[in-house]
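Written below as structure tokens is the structure these notes are about.
The values are calculated or read from the model by the stated rules, or taken from the named source; none is laboratory data. Small disclaimer: the values here were computed from a predicted structure and weren't measured. Because the Cβ atoms are built from the backbone with ideal geometry, glycine has one as well, and the counts that use them run over all protein chains shown.
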Amino acid sequence: MANQITSIRGMNDIYGDDAVAFDYLIGTAEKTLQRYGYNSIRLPIVEKTELFARSIGEVTDIVEKEMYTFADRNDESLTLRPEGTAGCVRAIVQNGLSHNQIQKLYYTGPMFRYERPQKGRYRQFHQFGVEVFGLATPDIDAELIVLTARLWEQLGLDNLELQINSLGSQEARVAYREKLVEYLSQYKDKLDEDSLRRLDSNPLRILDTKNPEMKDIVDGAPKLIDHLDVESQEHFDIVKSHLDDIGIPFVINPNLVRGLDYYNRTVFEWVTTELGAQGTVCAGGRYDGLVEQIGGKATPAVGFAMGIERLVTLLTDKNKVPSIAKADLYIVTVGDNVSRPGLVISEMVRDAFPNVNVQMNCGGGSFKSQFKKADKSGAKYAIVMGEQEIEEKVVAVKPLRVEGEQQTVEWEALINHLETLFNS
Ligand code: ATP
Ligand code: MG
């Protein structure tokens, strides 16, 4: 036997209950976004490497060590997208979608990061992303948070904590950065390797350290939130009061910075303690500078991304995925020459009842084995056809999961008969 070919480490097949949960989550999210007036956008999975280096930031973890970058046959450097925002911004600039107009967009699909695979952290994972362009006011920051809260409610996910912070303006951040570096430099001998490296390149990211030994140092650091510019402070206050008005509890996490460079002002995360170390299921914020940085006209923007795998784990662990009946009707056909009328009848039923799931037994088998499959399918009724029924141009309609007697029905009367059954 030939050597079996396996998938790439950290890139998973999604099937069975996980696939059901996946589709359910995406379907529910899409419906929620549509109710708020958002439109779908579909974007390429591969982009020029330069796009990510320029937008995410040269010294972020993603660009430094996590990207799948390769040369194509024409020696152009391409990258499998590690996140969706950069490509979305590229698309709205390239297609002129941000000129004097507001765009409210959502998308979903795979992202790729070369990380150490573990629970909740994969090399191919999926995000559901939402981006808004053209709105600078804090009401939209609040709306994005509110609609995620509504989605959790619809999905039956409680126990998610909302953490928010403000990163202020670029200028306030530059001033703060100096204060932070000054503070951290006193502890140079105590900083871990990652933090030492970031001290010059990306000191804010040190606040986000997962190393418990660094906790005391980080807790004592000056807080960006105490050094906000006046406008950012006002913006943040309004976001908070909107959340209060709607009754969405939040905690302020002054160490909440994002792993990408482009954010300013509002940042937020939804966090759970039920997934171990990988507890953030949704993360986002404002990025007013990015559109211009990618070559467009200065356009305010704000967005977030949900980690689909982490949410799917929560949903399945908590049994929150509604089971879908695989079939309402199962067509049992036994004998010679019965599969042809069987197929015709099943299409006739599908024509008449667009919302009814009809499963036709394929591959033959005895009554016993076919009824076993019918039962497993979850169907309420079986339509049974043997040689005798074909001869008499009738079918037997047999209740499987509801009260009632089996009935013999003529082909012409079948649709009316089913109609009565379904409506009773
Ligand atoms: P983390 O701190 O967990 O690495 P991040 O800051 O890198 O997250 P973002 O770039 O903000 O994550 O992505 C948004 C969301 O996408 C995360 O909150 C998480 O739910 C999900 N996510 C990010 N990386 C992965 C991954 N490698 N595998 C699975 N989900 C991921
Ligand atoms: Mg990460």
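A few comments on the model shown:
- Inter-residue pairs, beta-carbon under 8 Å, first closer than 14 Å to Lys240 by Cα and in the same structural domain as Pro300 (by TED's automatic domain parsing) and in the range 258-273, second β-branched (Val, Ile, Thr) and away from ligand 1 (no atom under 11 Å from the Cβ), 6+ apart: Thr266/Ile164; Thr266/Val239; Thr266/Val302; Val267/Ile164; Phe268/Ile145; Phe268/Ile164
- Qualifying position, being in contact with a Lys or Arg (Cβ under 6 Å, 6 or more places away or on another chain) and surrounded by 17 or more Cβ atoms within 10 Å (Cβ to Cβ), among Val384, Val395, Val338: Val384
- Flag: Lys190 matches the condition of being basic (Lys, Arg), in contact (Cβ under 8 Å) with a residue 24 or more places away in the chain, at negative phi and not in a strand (DSSP E or B).
- Segments classed as strands (runs of 3 or more DSSP E), wholly inside the range 262-338, with at least 1 members that are within 16 Å of ligand 2 (Cβ to nearest atom): 264-271, 280-286, 301-307
- Looking only at the range 107-128, and only at residues there that are more than 15 Å from ligand 2 (Cβ to nearest atom) and in contact with a strand residue (DSSP E or B) (Cβ under 6 Å, 6 or more places away or on another chain), the one that is farthest from Gly285 (Cα to Cα): Pro110
- Residue satisfying all of: in the range 147-171; surrounded by fewer than 17 Cβ atoms within 10 Å (Cβ to Cβ) and within 20 Å of the chain's Cα centre (by Cα); nearest to ligand 2 (Cβ to nearest atom) among these: Glu161
- Any hit, the range 265-272, residues being surrounded by 22 or more Cβ atoms within 10 Å (Cβ to Cβ) and away from ligand 1 (no atom under 13 Å from the Cβ): yes
- When the residues of the range 245-261 are filtered to those that are away from ligand 2 (no atom under 16 Å from the Cβ) and more than 14 Å from Gln163 (Cα to Cα), the one that is surrounded by the fewest Cβ atoms within 10 Å (Cβ to Cβ) is Gly247.
- Residue check, Ala374 surrounded by 17 or more Cβ atoms within 10 Å (Cβ to Cβ), among the hydrophobic types (A, V, I, L, M, F, W, C) and closer than 28 Å to Tyr24 by Cα: yes
- Every residue from the range 110-166 that is assigned to a loop (DSSP other than H, G, I, E, B), closer than 18 Å to Trp270 by Cβ and of a type outside the set (D, E, K, R): Gly120, Gly156, Leu157, Asn159, Leu160
- Candidate set from the range 18-71 (those that are of a type in the set (D, E, K, R) and free of Cβ contacts under 8 Å to residues at least 12 places away in the same chain); member that is nearest to ligand 1 (Cβ to nearest atom): Glu64
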